[in-house]
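The values are calculated or read from the model by the stated rules, or taken from the named source; none is laboratory data. Computed from a prediction, not measured in an experiment: that's the story for all the values here. In this analysis, Cβ positions are derived from the backbone assuming ideal geometry, glycine residues included, and neighbour counts consider all displayed protein chains. Note: areas computed on protein heavy atoms with side chains; ligands, DNA, RNA excluded. Shrake-Rupley method; radii C 1.70, N 1.55, O 1.52, S 1.80 Å.
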Amino acid sequence: MELVNWIREQVEAGKFRPGQKMYSENELKEMFHLSRQTVRHAISVLENDGVLIRRQGSGTYINDRRQTNLRNKTRISVVTTYVDGYIFPKTIQGIENVLFENGYSVQIAFTNNQIGREKTILEDILSRDEVAGVIMETVKSGIPNPNLSLYGKLQAKGIPVIFINSYYPLLPIPHVSLNDKMAGYCAAKHLLDRGHRKIGGIFKLDDGQGHQRYAGYLEALTEAGMEMDDSCILWVDTVGMQNLEESRSLIMGRFRGCSAVVCYNDQIAFDFVEILAKEGIHVPEHISVVSIDDSELTVLGDVALTSVPHPMDRLGEKAAINLLQMIGNPAFDATYEFDAQVVVRDSVKTLEPEEA
């Protein structure tokens, strides 16, 4: 009873927080100089009273009644940047398949990659007492975001959140994504292996994926002993990516002398190849291109694009599975990144040493 009362006092004083892992049986045995049987009996008393909860294979935790409430709710909020495009329908489908099978309904919203829209959606979720968890795609995660405190409020309410595709580095919230640094590395490494040395890049400025893919690109060049040339890098934001044709003169100047270019995604690669064609520059005869996402766009142009696949539906399924794990166990480490590899098609020319 001494041990039982001590644990109760710690919980009531807030020294043990809901969801926090309790000391192990061995630790309690040493702390209170009790037998293991006595410690187990004390834990059983507290478990019967709803103070503690045992999780098989994990340990004993302070019972978080908020988590019990979450398990009694059946609605999950899913928020992505867009509804269209080649990634989002498959990702959402993967999420829905898992959640529906587990008895959850899905509430879907879209931010259009706008910070103001993200704020409105988060405030709406916070105003309702019906959400068991949130699957959220970050908005412009490559630049400072004023909405980070709203995610803290979700966590304070005990609502688990998992990010998809990217994450906010300042927030301790798990994410499920492609390993974007590996994707950028694989794309550049493929070009290096095919003899290219003057390799440019088009990357997205305002999303975290762009920064990670650029970091992988840099790592591959550095590993190969290549000098990075800033003049061969073009950064575009969300608006610029949607209107790449407006940057035609900049593109033609920026990549003059490059034998190859790594593109942030298939949409940029597809538009880039079309711009080059209008200037009489053909892929891969005059310049090689490697992209990321491996969507249907890779085979819609005159030249099939070599690309690094995005997991799409598998990513959605994994995010949903991991969120359900978080609902059941707040201590679950839900971060997961899919490995990257190159799917080879026709957009890369192999260079001889004298051509490089």
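The residues on offer are ALA187, ALA156, and the sole one that is buried (at least 24 other Cβ atoms within 10 Å of the Cβ) and among the aliphatic types (A, V, I, L, M) is ALA187. Whenever a residue of segment 35-56 is on the phi > 0 side of the Ramachandran plot, its partners that are buried (at least 16 other Cβ atoms within 10 Å of the Cβ), lying with C-beta atoms within less than 7 angstrom and at least six residues away or across chains, give the pairs GLY50/ASN63. Whenever a residue of segment 144-162 is more than 23 Å from ASP207 (Cβ to Cβ) and in a loop (DSSP other than H, G, I, E, B), its partners that are open to solvent by less than 20 Å² (accessible area, probe 1.4 Å) and among the charged types (D, E, K, R), lying with C-beta atoms within less than 7 angstrom and at least six residues away or across chains, give the pairs GLY158/ASP64.
For segment 317-353: of the residues being of a type in the set (Phe, Trp, Tyr) and outside any loop (DSSP other than H, G, I, E, B), which is most open to solvent (accessible area, probe 1.4 Å)? Result: TYR336. Counting the residues of segment 191-210 that are surrounded by fewer than 22 Cβ atoms within 10 Å (Cβ to Cβ) and not small (Gly, Ala, Ser) gives 7.
Taking segment 211-225 as the range and being open to solvent by 20 Å² or more (accessible area, probe 1.4 Å) and either in a helix (DSSP H, G or I) or among the basic types (Lys, Arg) (or both) as the test, the residues that pass are HIS211, GLN212, TYR214, ALA215, LEU218, GLU219, THR222, GLU223. Residues that are assigned to a loop (DSSP other than H, G, I, E, B) and more than 22 Å from ILE281 (Cβ to Cβ) within segment 226-238 comprise MET226, GLU227, MET228, ASP237, listed in sequence order.
I need the full set of residues from segment 175-184 which are in a helix (DSSP H, G or I) and surrounded by fewer than 24 Cβ atoms within 10 Å (Cβ to Cβ), in order please. Once the filter is applied, which keeps residues that are in a helix (DSSP H, G or I) and surrounded by fewer than 24 Cβ atoms within 10 Å (Cβ to Cβ), segment 175-184 yields LYS181, MET182.
Which of the following residues is modelled with pLDDT of 90 or more, touching a Ser or Thr at 6+ places or on another chain (Cβ under 6 Å) and hydroxyl-bearing (Ser, Thr, Tyr): THR81, THR91, THR38? After ruling out the rest, the residue left standing is THR81.
Name the helices (runs of 4 or more DSSP H) wholly within segment 16-109 that hold at least 2 residues that are closer than 30 Å to LEU3 by Cβ?
Output list reads 25-32, 36-48, 65-72.
In a residue-by-residue description of segment 128-139, the property of being closer than 19 Å to TYR264 by Cβ, part of a strand (DSSP E or B) and not hydroxyl-bearing (Ser, Thr, Tyr) applies to at least one position.
What number of residues within segment 239-287 satisfy the criterion of being of a type in the set (S, T, N, Q), assigned to a loop (DSSP other than H, G, I, E, B), touching a residue at least 12 places away in the same chain (Cβ under 8 Å) and closer than 30 Å to THR81 by Cα? Residues flagged as of a type in the set (S, T, N, Q), assigned to a loop (DSSP other than H, G, I, E, B), touching a residue at least 12 places away in the same chain (Cβ under 8 Å) and closer than 30 Å to THR81 by Cα within segment 239-287 amount to 1.
Exactly one residue out of VAL289, VAL262, VAL273, VAL236 is under 24 Å from the mean Cα position of the chain (by Cα) and within 19 Å of VAL344 (Cβ to Cβ): that is VAL262. Annotation: of all residues in segment 245-265 being among the small types (Gly, Ala, Ser) and out of contact with any Lys or Arg (no Cβ under 7 Å at 6 or more places or on another chain), the one that is most open to solvent (accessible area, probe 1.4 Å) is SER249.
Inside segment 120-153, can you point out the residues that are β-branched (Val, Ile, Thr) and open to solvent by less than 70 Å² (accessible area, probe 1.4 Å)? Passing the criteria: ILE121, ILE125, VAL131, VAL134, ILE135, THR138, VAL139, ILE143.
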